[in-house]
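Just so it is clear, none of the values below were taken in a lab; they were calculated from the coordinates. In this text the structure is predicted, and so the values were computed from the model without any measurement. Cβ placement follows ideal geometry from the backbone for every residue including glycine, while neighbour counts extend to all protein chains displayed.
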Amino acid sequence: MKKVLVLAETKNGKLRNVSLEVLTVAGKIANGGEINACIFGSDGEKFREELAKFGAQKIYLVENAELNRYTPDGFKQALLKVIEEVQPEVVLTGHTSVGKDLLPRVAVRLNAALISDCIDVEVGEKIIFTRPIYSGKAFQKKEVTNGIVMATIRPNNIEAKENQAAGETFKILAELKDLRTMVKDIVKKTSGKVDLSEAKIIVAGGRGVKSAEGFKPLQELADVLGGAVGASRAACDAGYCDYSLQIGQTGKVVTPDLYIACGISGAIQHLAGMSSSKVIVAINKDPEANIFHIADYGIVGDLFEVVPLLTEEFKKV
Ligand code: FAD
């Protein structure tokens, strides 16, 4: 039985899906112990019900308008305060841009072990975290033998399960000192309707898409499927789309239910970001393209013929 603390994140006024997935992981690790959640910012209270529905027994609110947007100093101070109050044995959050930046800062302050980008957790006599290494070519199993454990969990990898709990709320006052950075505004570069890192369906384009105009049929297919558009680095480098769409070793890591790769050869650096997708469909005119080695379904053909046909068929469903 363990005492677990989850840092929940919000985006655009909603709880991030990954936070609910992390609560499910917390339930598994707690194994009958205590599941705590914390949330920062002035409107944490409104997420109480949802956090409780997914297993949060106690919810710690750090209500401070300066925490409405992520700042490394502010979130670090707030999380350290909650940890001091809760005294958890395990601290979890999503492997998001916030999680990736924040947890190492907090772990180093507490001299705690940090395991990042976990995709599975086995709970028995020991707690074993699994994480991909070498761009997803191998998996590492890690156990922390002493002290507090901190881990980030890869989004879209573990199904969030409802597990109604009391969701008793507690307010924590965190006096934020010497904030060195403040985010004044966030200007969105892309107008994608679906968040790429949490999308269940991704239609990704590579150099084979040939131009920014060439991405239009991919966007249409993504819209019909309720998904998001992604890209290979070659497509971003060529200026066909924004770097915020890049998937891979130096881009975003995604785990959608369905990944449709259009005109992407399947370089190892691209596979690092998408090979754990549940179903992979590759459309490529080269039957020898490496992407076919990891694809569940392969279509050898011209993407400019195949993608509009798929869009028409999905429109009928
Ligand atoms: P290509 O390899 O040029 O493939 C284009 C494909 O399109 C070909 O297979 C071709 O047959 C097909 N095609 C062409 N026309 C059509 C058509 N009409 N219909 C159907 N198919 C067609 N890459 C990433 O993606 N993400 C990363 O994060 C990343 N990080 C990197 C980090 C480092 C340190 C390095 C060195 C490289 C990185 N790369 C990354 C680059 C990577 O090595 C590849 O160069 C890149 O992934 C290739 O992109 P691509 O598949 O779109 O292009």
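Brief remarks on what is shown
- When we screen 229, 194 for residues that are crowded, with 16+ Cβ neighbours inside 10 Å, touching a Cys at 6+ places or on another chain (Cβ under 9 Å) and under 17 Å from residue 259 (Cα atoms), the only hit is 229.
- Selection of the range 253-301 for residues being of a type in the set (Phe, Trp, Tyr) and in contact with a helix residue (DSSP H, G or I) (Cβ under 9 Å, 6 or more places away or on another chain) yields only 259.
- Residue satisfying condition, being basic (Lys, Arg) and either under 30 Å from residue 73 (Cα atoms) or more than 16 Å from the ligand (Cβ to nearest atom) (or both), within set 154, 207: 154
- Members of the range 271-304 that are within 8 Å of the ligand (Cβ to nearest atom) and in a helix (DSSP H, G or I): 272, 273, 291, 303, 304
- Each residue in the range 200-246 was checked for being touching a residue at least 60 places away in the same chain (Cβ under 8 Å) and of a type in the set (Lys, Arg), and 0 pass.
- Against the test of being β-branched (Val, Ile, Thr), out of contact with any Leu (no Cβ under 7 Å at 6 or more places or on another chain) and farther than 28 Å from residue 138 by Cβ, the options 108, 121, 62 yield a single qualifying residue, 62.
- Scanning the range 210-245 for residues that are within 15 Å of the chain's Cα centre (by Cα) and part of a helix (DSSP H, G or I), we see that the one that is farthest from the ligand (Cβ to nearest atom) is 244.
- Restricted to the range 1-90, the set of strands (runs of 3 or more DSSP E) holding at least 3 residues that are within 20 Å of the chain's Cα centre (by Cα) comprises 3-7, 34-40.
- Hits in the range 255-270 - residues which are in a loop (DSSP other than H, G, I, E, B) and within 11 Å of the ligand (Cβ to nearest atom): 263, 264, 265, 266, 267
- Qualifying positions in the range 72-111 - among the polar types (S, T, N, Q) and either farther than 16 Å from residue 153 by Cβ or touching a residue at least 60 places away in the same chain (Cβ under 8 Å) (or both): 77, 87, 93, 96, 111
- Check on residue 197, within 24 Å of the chain's Cα centre (by Cα), on the phi > 0 side of the Ramachandran plot, polar (S, T, N, Q) and part of a helix (DSSP H, G or I): no
- The range 246-270 - residue that is over 14 Å from the mean Cα position of the chain (by Cα) and buried (at least 24 other Cβ atoms within 10 Å of the Cβ) and, of those, nearest to residue 100 (Cα to Cα): 270
- Being in contact with a Pro (Cβ under 7 Å, 6 or more places away or on another chain), of a type in the set (A, V, I, L, M) and not in a helix (DSSP H, G or I) holds for only one residue in 186, 202, 158, and it is 202.
- Sole residue being more than 28 Å from residue 119 (Cα to Cα) and either small (Gly, Ala, Ser) or touching a His at 6+ places or on another chain (Cβ under 7 Å) (or both), chosen from 295, 267, 234, 238: 238
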